[in-house]
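Just below is one structure, and these are the notes that go with it.
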Amino acid sequence: MRRMLGILAGIAALAATTADARELRIAPGAPPAHPSHSHLYSKLAELLPEVSGGNLTAQVLGPEVVGLGQMKEGLQSQLVEIGNLLPLYFPADLPNMSLAGELALSGREPHAMAAAMTEYMVTCDTCQEELKKFGVTYLGSGSSDVYALLTNKPVRTAEDVKGLRLRSGGAPFSRWAEHFGAVPANIGVGDTFESMSQGVIDGSMASIGDLLSFRLVELVKNITFVPLGTYHATSDFTVANTTWESLSAEERKQLATAANEANVIFTQRWGYEMAAEAKAAAEKAGIEFVEPDPAFVEAVEAFAEADKETAAKVSQERFGFADAAERVARFSNLVEKWTGIVKEANSDPQEIAKRLDEEVWSKVDFETYGM
């Protein structure tokens, strides 16, 4: 913490020497190769001066300053003014977002999952209350591609999964692993390479983009595309309330506009473009693409559907949501709504960003939102 305060003091001194523009300290918490750095936070830094007429700019802080695991402390200490917060790292603090994250296994369309998450959070009173208590304001979510099995052993059938030690990115993925007889390992995504290289794990339930973002292309031997859902429980742009309150309503709207566009660009990159590039890199590296047995795929789909009820039960028991089933149903309905909108938009990122603005952000009163 002492180191953090020292860095903060240095940054503050530097900021004091800059010109009229308000420079915001923003942190993706991930390395430059990851799309949350290259296509989310770098994009926000590019868009902010454009939408604000030069009044707002941004300084991107790398993971050596604050990583994903330290983002809560970074935001609350004001080291970071806008940070990439992953709610599944802090489930007890953000139960509503964690509830949506519990439905990870249902994700099939990245843009739809990101948009559903955004509308769910912005229009949910209890969600907004917990964010305020946490000390932050929410400006949208993004989503990964549909997760796959990245392993050092071929996985074709459900039987092949048994006994494998697999990195899990959260409770729903752990439930999946345990259901099929694997051993989930709750390891930070940044530690996947080391854990796999040392034989601690046999692979990961993850975005194929991790082959590039975290160098797993050097270790993974097999990829099995069984639909393991998406990582959409993100708060891509989480603004410290002290910072949010210091902005005018117009500046808040400008920040939200830039964030909305960057979120969609990020999802396009992480959910689609990077997945295609990673697949090409895997082919070049000689990684085997294993065709899953149809019975295995059917079992995976059936478990994902049944897990919605489990997600509601877990949320009710862990977070005390008496209406957990209704919340799950609401989120599922939003996924259905946005799946239709994404289809209408022909998956065009610009059109999706426009529809998100129309359906969500244009209805927000920036005099009161987050206050």
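The values are calculated or read from the model by the stated rules, or taken from the named source; none is laboratory data. Note that the coordinates shown come from a computational prediction; the quantities given were computed from them, not determined experimentally. Quick reminder, even Gly has a Cβ in these numbers, built from the backbone with ideal geometry, and neighbours come from all protein chains shown. Surface areas here come from the heavy atoms of the whole protein model, side chains and all, with no ligands, DNA or RNA. Shrake-Rupley method; radii C 1.70, N 1.55, O 1.52, S 1.80 Å.
What span do the alpha-carbon atoms of region 257-371 cover on each of the three principal axes, reported in whole Å from largest to smallest?
55, 38, 26
Among PHE266, THR339, ALA281, pick out the residue whose Cα is farthest towards the positive end of the charge dipole of region 240-371, where Lys and Arg carry +1 and Asp and Glu carry -1 on C-beta, about the Cα centre.
The one lying farthest along the dipole's positive direction is PHE266.
Can you run phi through the Karplus equation (6.51, -1.76, 1.60; θ = phi - 60°) for region 224-238 and list ³J(HN,Hα) in whole Hz, with x for Gly and Pro?
So the Karplus estimates, Gly and Pro as x, are 10, 8, 9, x, 9, x, 10, 9, 10, 7, 10, 10, 4, 10, 10 Hz.
Using the crude model of +1 on Lys and Arg Cβ and -1 on Asp and Glu Cβ, and no other charge, please compute the dipole size for region 228-337 relative to its Cα centre, in debye to 20.
400
Provide the percentage of antiparallel DSSP beta bridges, counting only those with both residues in region 98-213; round to the nearest 5.
For region 98-213, the DSSP antiparallel bridge percentage is about 45.
Out of (1) 131; (2) 116; (3) 144, which label holds the value of volume of the Cα convex hull per residue in Å³ that was computed here?
Computed from these coordinates, volume of the Cα convex hull per residue in Å³ corresponds to label (1).
Run through region 341-371 and list the chymotrypsin sites (Phe, Trp or Tyr not before Pro) located in a DSSP loop whose Cβ has at most 11 other Cβ atoms within 10 Å.
Those that pass, being in a loop and sparsely packed, number zero.
Among DSSP bridges having both ends in the chain, what percentage is antiparallel? Round to the nearest 5.
Of all bridge pairs located within the chain, approximately 45 percent are antiparallel.
I'd like the distance separating the alpha-carbon centroids of region 318-364 and region 291-313, in whole Å.
Rounded to whole Å, the Cα centres lie 22 Å apart.
When the Karplus curve 6.51 cos²θ - 1.76 cosθ + 1.60 is applied with θ = phi - 60°, which whole-Hz ³J(HN,Hα) does each residue of region 112-125 get, with x for Gly and Pro?
Once θ is set to phi - 60°, the couplings for region 112-125 become 5, 5, 5, 5, 4, 4, 5, 5, 4, 6, 5, 9, 10, 4 Hz.
How do GLU159, GLU291 stack up against each other in accessible area, from largest to smallest, with a 1.4 angstrom probe?
Of GLU159, GLU291, the descending order of accessible area is GLU291, GLU159.
Leaving ligands, DNA and RNA out of it, rank HIS34, HIS179 by accessible area with a 1.4 Å probe, largest first.
HIS179, HIS34
Rounded to the nearest 500, what is the 222 nm mean residue ellipticity of the chain from helices alone, with -39500 (n - 2.57) per DSSP H run of 4+ residues and division by all residues?
The helix-only estimate for the chain comes to -15000 deg cm²/dmol at 222 nm.
Starting at the first residue of region 163-169, write each ³J(HN,Hα) from the Karplus equation 6.51 cos²θ - 1.76 cosθ + 1.60 with θ = phi - 60°, in whole Hz, x for Gly and Pro.
3J(HN,Hα) across region 163-169, in whole Hz: x, 5, 9, 10, 5, 10, x.
Could you name the lysines whose alpha carbon sits less than 19 Å from that of LYS153, not counting residues in the same chain fewer than 8 places away?
Reachable lysines: LYS162, LYS221, LYS279, LYS284.
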